[in-house]
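This report concerns only the one structure given below.
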Amino acid sequence: FANAVIQSAGNADVKWNGTDLFVLVYTLTTPRLYKYTYVPATRAWALVTGFPVTLPNPTDSETMVLEQDSSGRLWATAEGGGNANIYYSTSADHRTWSTTPVSRALRGMPSKFALASSWHITSPPAEW
């Protein structure tokens, strides 16, 4: 990467879909999503125009993970406020995101980190 310094701090989750490389850098205050595409002619990764974008951030959240479903929609799951908060991209270019999370209570879950690392959404709930 010519511009490999993404952010000076934070944790990351990375998703490669065969075309684009998504890097979600998560801090306690501002999760940011970077989208890169590979340019074979230059053998380099290029940051896609319009990125990074800031994702919604639930209160008291300590972790966030990224997934992509078969339709191409991205999903970000974060624990916060005693819930698993799920946000999703609302545009095909992944620059626009839901602002109100789908929330599930964490009661009875063994660990917020186990939930965050293993809960993947593949399609919206039926009520959407």
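The values are calculated or read from the model by the stated rules, or taken from the named source; none is laboratory data. Please read these numbers as outputs of a predicted model, since none were measured by experiment. Remember, those area values only see protein heavy atoms, side chains included, never the ligands or the DNA or RNA. Shrake-Rupley method; radii C 1.70, N 1.55, O 1.52, S 1.80 Å.
Structure notes:
- Between GLU62 and TYR38, residue separation times 0.36 nm minus the direct Cα-Cα distance comes to 5.6 nm.
- ³J(HN,Hα) computed for each position of region 62-76 - Karplus, 6.51 cos²θ - 1.76 cosθ + 1.60, integer Hz, glycine/proline x: 10, 8, 8, 10, 10, 8, 10, 8, 5, 8, x, 5, 8, 10, 10
- When SER103, SER89 are compared by accessible area at a 1.4 angstrom probe, the order from most to least is SER103, SER89.
- Taking all protein chains as shown and a probe of 1.4 angstrom, GLU62 keeps an accessible surface of around 90 Å².
- Shown are ARG95, ARG32, whose ranking by accessible area with a 1.4 Å probe and every protein chain present, most to least, is ARG95, ARG32.
- Contour minus Cα-Cα distance for THR30 and THR54 (0.36 nm per residue): 8.0 nm
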